[in-house]
Amino acid sequence: MPKIIPELRQALIDAARRRIVDGEHDITIRQVAADCGTAVGTVYNYFPSKEHLMASVMLVDWQQATEELQGRVDQARSVMSGLRAIDGALRRFIAIYRPAWDHYSAGSRRTEIVQDYHHMVVQQIARGVELLMRRFGRRTYEGECIFLAETLLILSQREEAAFDRAAPVLERIIEN
């Protein structure tokens, strides 16, 4: 059984995060292992794949983004202002990881773990949308919050004006 050292797990995450934040989008396990002065095989004791390592790196910031997202939803004065706040929180998260996000969002690189995390992200955004809708007395329909969550995730990856251009359509959806 491999020896697991908790401090090394965090050091691996920190090393990968530094590379991502510095703009590297296609980091390797070999690079991260070298950064931490450990063997490549040791990294695999902690993370079964590079995608698992990447997901672990992003998860910390994603948890902070969801806390921000929820706080902004709680302060929203309307459903649309809440949706705009969600868009802003998503944009801030994606900006940190833009190169890696774009790299892993490409269809050919959408591995099972990337798809699993995408599903998790959409579900968390949808919960925020649903709470927002209920808070303002809007009835939600099956799939509506998931649709809005996917839409917000797509818009947040585009230029700033994407939300503004989509706002009339979003308003029609939430009003019905």
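Quick check on Leu59: is it assigned by TED's automatic domain parsing to the domain that holds Ser156 and closer than 17 Å to Ala149 by Cα? Please lay out each step first, then the result.
Values: assigned by TED's automatic domain parsing to the domain that holds Ser156: yes; closer than 17 Å to Ala149 by Cα: no.
When the stated conditions are applied, Leu59 does not pass them.
Considering only the range 130-140, I want to know if a residue exists there that is on the phi > 0 side of the Ramachandran plot and outside the structural domain of Gln10 (by TED's automatic domain parsing). Even if it seems obvious, please write down each step before you answer.
In the first step, residues of the range 130-140 are kept if they are on the phi > 0 side of the Ramachandran plot; the result is 137.
Filter again for outside the structural domain of Gln10 (by TED's automatic domain parsing), leaving 137.
Yes, because at least one residue in the range 130-140 is on the phi > 0 side of the Ramachandran plot and outside the structural domain of Gln10 (by TED's automatic domain parsing).
For a quick check of your reading of the model, give me the residue pairs whose first member lies in the range 123-140 and is closer than 10 Å to Gly82 by Cα and touching a residue at least 60 places away in the same chain (Cβ under 8 Å), whose second is buried (at least 16 other Cβ atoms within 10 Å of the Cβ) and not hydrophobic (A, V, I, L, M, F, W, C), with beta-carbon atoms closer than 7 Å and at least 6 apart or on different chains.
Matching pairs, first to second residue: Gly128/Gln70.
When you go through Ala11, Ala33, Ala16 one by one, which is the residue that is touching a Leu at 6+ places or on another chain (Cβ under 6 Å), modelled with pLDDT of 85 or more, of a type outside the set (Lys, Arg) and not in a loop (DSSP other than H, G, I, E, B)?
Just one listed residue meets the conditions, Ala16.
Looking for something over 20 Å from Asp102 (Cβ atoms), surrounded by 14 or more Cβ atoms within 10 Å (Cβ to Cβ) and either in contact with a strand residue (DSSP E or B) (Cβ under 8 Å, 6 or more places away or on another chain) or of a type in the set (Ser, Thr, Tyr) (or both) - is there at least one such residue anywhere in the range 11-23? Even if it seems obvious, please write down each step before you answer.
Keep residues of the range 11-23 that are over 20 Å from Asp102 (Cβ atoms), which gives 11-15.
After this cut, where a residue has to be surrounded by 14 or more Cβ atoms within 10 Å (Cβ to Cβ) as well, the list is 11-15.
If we keep only those that are either in contact with a strand residue (DSSP E or B) (Cβ under 8 Å, 6 or more places away or on another chain) or of a type in the set (Ser, Thr, Tyr) (or both) too, we end up with none.
There is no residue in the range 11-23 that is over 20 Å from Asp102 (Cβ atoms), surrounded by 14 or more Cβ atoms within 10 Å (Cβ to Cβ) and either in contact with a strand residue (DSSP E or B) (Cβ under 8 Å, 6 or more places away or on another chain) or of a type in the set (Ser, Thr, Tyr) (or both).
Looking for something part of a helix (DSSP H, G or I) and over 29 Å from Arg172 (Cα atoms) - is there at least one such residue anywhere in the range 64-74? Can you show your working first?
Taking the range 64-74 and keeping what is part of a helix (DSSP H, G or I), we get 64-74.
Going one step further and asking which of them are over 29 Å from Arg172 (Cα atoms), we end up with 64.
For the range 64-74, residues part of a helix (DSSP H, G or I) and over 29 Å from Arg172 (Cα atoms): present.
The values are calculated or read from the model by the stated rules, or taken from the named source; none is laboratory data. Because the structure is predicted, anything quoted here is derived from the model rather than measured. Virtual Cβ from ideal backbone geometry, glycine too; neighbours counted across all protein chains shown.
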